[in-house]
1. Taking the options 219, 267, 229, name whichever one is of a type in the set (D, E, K, R), under 30 Å from residue 185 (Cα atoms) and at pLDDT 90 or above.
2. Could you list, ordered by first residue, the pairs with Cβ atoms under 8 Å in which the first is in the stretch 115-138 and within 29 Å of residue 178 (Cβ to Cβ) and the second is in a helix (DSSP H, G or I) and of a type in the set (Phe, Trp, Tyr), at least 6 apart or interchain?
3. Any chance the stretch 213-234 includes a residue that's among the basic types (Lys, Arg), under 30 Å from residue 123 (Cβ atoms), in contact (Cβ under 8 Å) with a residue 12 or more places away in the chain and not assigned by TED's automatic domain parsing to the domain that holds residue 258?
4. In this structure, is residue 194 among the β-branched types (Val, Ile, Thr), touching a residue at least 40 places away in the same chain (Cβ under 8 Å) and farther than 30 Å from residue 438 by Cβ?
5. Within the stretch 186-194, does at least one residue satisfy the condition of being under 11 Å from residue 142 (Cα atoms), under 37 Å from the mean Cα position of the chain (by Cα) and surrounded by 18 or more Cβ atoms within 10 Å (Cβ to Cβ)?
6. Give the stretch 95-109 a look and list any residue that's farther than 12 Å from residue 148 by Cβ and in contact with a helix residue (DSSP H, G or I) (Cβ under 7 Å, 6 or more places away or on another chain), or say none.
7. Counting residues that are over 26 Å from the mean Cα position of the chain (by Cα) and more than 23 Å from residue 462 (Cβ to Cβ), which helices (runs of 4 or more DSSP H) fully inside the stretch 41-159 reach at least 2?
Amino acid sequence: METRSQRVTREDFLLFVNACFACTGQKEFYGDGYGQTVSLRFLHQYILGNYRSLYARVLACGVNHMNQALIVENLLASGRETDPGSRAEENALITRSLDGLPTHRAMHLLSDVAGRGVNNRRTRALTKRYLGATEKRDFRAVKYRRTFRRAAMHAHMRYEGELAAFFVKGWRERRFQTPLFESFRQAHYAESAIYDLPYSIAEGLAQKHGVRRDIFLERIAPKMTENERMRLRDTGSAHGVALDVNWARQPPTRVASYVLSLPQDERVARMSALSAALDQSTGRAIRRTAARFGKVACVLDRSFSSSGSNEKRKRPLAVALAVSRFLSGCAASCAVFWTGEKAGEPESELLVTPRGSTDLVTPVLHALRTAPELLVIVSDGFDNDPEGLLGQVLEAGQRLLPGTFVIHLNPVYDNESYAPKSFSPKIATMGVRDADEIPTLVAFARFARGGAPLAELAAHLDARVAAFLAVSE
């Protein structure tokens, strides 16, 4: 039997994981970013202080990058409190997480650590290892010059090769042997040299030389990353430059956000291509996660609050669209129900827009009539048509259909409850960032609602940590 202490530990851990999937510290439709930040930082300190080993293991659970970076920073800042028995695992998790973060977030993390005055031996070793990685060192030194230099000085890192000359003299140095440093130096004098640089570095220098936008985009295109190609695709088209995007390499929610950012008439004109882009993205995500489900029903919230905020435009709606495509691709059968559907509307969900109140009861009743094995609801948790009824309907549905597992995926963090808002305490609610997290979220939801003991959750975490550390860098 699970003791009361073990039950509290399990519930605290699942609460924290849930928050780390959903919270990004940005403004939401119903809440501001500052409140989220204060709430989340308190939760981090609470879990770190009471369950340090579990806190570190959250890094292996696939939580969002902002929370990964905050966990690493907090672990480094409190290194002396690490239990000797778990130090090796904690070090491995920190190292693997730092390598997996996007470069800009990892560099800002090292800068924040320096700003906090964290300068223990482990932090210095980690900083030197990351900054000194041969294959990426030169790019990081050029792209993040100020941040790189601050972190290197804080870690007492010795500059190898031409790093010292680059940071002291920069583009005023007579000549560099390092190709990227030399291209950066020449680009301050000659326009032709900027096309030997990555796009993110070359853009500012192109403006300095007064290069026309269409010429610059066409010539710099081979140096762009996939994310840059996607972000600038429409800008390129406006200037007559075609930027090809490998949609399969993009997360499903990012592709869905791109689709929803387009005007309705453009979505109609490009329906086939946009649908194929979503299929490529979700198809790769399904293969990567090996997701398989049986009979599924999906209820998706398209109410006005799904328009998000000026910092996260249509993000909740994009998550709903991505979840729909993901489940349709990995389930034996999937019935999809959107809120606010009207007779005579276009059938394609690529044309969905935020509107109206949140009537989730109607589509949930339609979904329950299909007797699914898994019922997935994607919503911000604010049902208001009528208010509070959905929780009662879901509880009754679980009693009448004991073979149906209900999970509520919420892309919005509620800073007052330290978790995504739930419709009912008897319904599993998990924060969600992207559709490819669904297999992980369903597994954690079963722990939360099924009452599995802490020992079983610990075994699940053991497997996740082993898989996370086994991934090649």
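1. Only one candidate qualifies: 219.
2. Listed by first residue and then by second, the contacts come to 131/148; 138/181.
3. No, the stretch 213-234 has no match at all.
4. no
5. No: zero hits.
6. 95, 96, 97, 98, 101, 102, 105, 109 - these are the residues of the stretch 95-109 that are farther than 12 Å from residue 148 by Cβ and in contact with a helix residue (DSSP H, G or I) (Cβ under 7 Å, 6 or more places away or on another chain).
7. 121-131, 134-143, 145-154
Every residue, every condition in (1) touching a residue at least 60 places away in the same chain (Cβ under 8 Å); (2) within 15 Å of residue 334 (Cβ to Cβ), yes or no:
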| position | (1), (2) |
| --- | --- |
| 246 | no, no |
| 252 | yes, yes |
| 258 | no, no |
| 263 | no, no |
| 268 | yes, no |
| 276 | no, no |
| 301 | yes, no |
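The values are calculated or read from the model by the stated rules, or taken from the named source; none is laboratory data. Values in this document were obtained by computation on a predicted structure and should not be read as measured data. As a convention, Cβ positions derive from the backbone with ideal geometry for all residues, glycine included, and neighbour counts pool all protein chains shown.
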